[in-house]
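Read through the structure below, which is laid out as structure tokens, and then see the notes.
The values are calculated or read from the model by the stated rules, or taken from the named source; none is laboratory data. It should be emphasised that the depicted structure is a prediction, and the values quoted were computed from it without experimental measurement. Cβ placement follows ideal geometry from the backbone for every residue including glycine, while neighbour counts extend to all protein chains displayed.
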Amino acid sequence: MVNHCFPASRPEMSEYPPGLLSMSARERKPSSARKGCKQEEDAFDIWLKRGLHQLFDDVAKEPIPEELLRLLEENDDED
């Protein structure tokens with residue numbers, strides 16, 4: 001029996017139970033599966049984190065538009 005850490009194909013989004021996509025791979029796996037795949041999961045988590053930082057760090061550093069800041073302030077004043 002071959003123990004695969006990652007599925008061979010990705011099911012459609014509608015096939016995921018609610019909340020599953022917000023969980024990390026480590027949280028979704030039972031503890032017995034975690035032991036065999038820990039190195040692969042760690043490597044995947046590192047790869048994913050680096051890729052997301054490469055894609056979105058510049059966007060996160062951009063200043064918040066004045067119009068959005070004004071809307072947020074107006075909302076705070078209403079509460």
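A few remarks follow.
- Region 20-79, subset basic (Lys, Arg) and exposed (fewer than 10 other Cβ atoms within 10 Å of the Cβ), residue modelled with the lowest pLDDT: Lys35
- Residue match in region 6-17 (condition: small (Gly, Ala, Ser) and modelled with pLDDT of 60 or more): no
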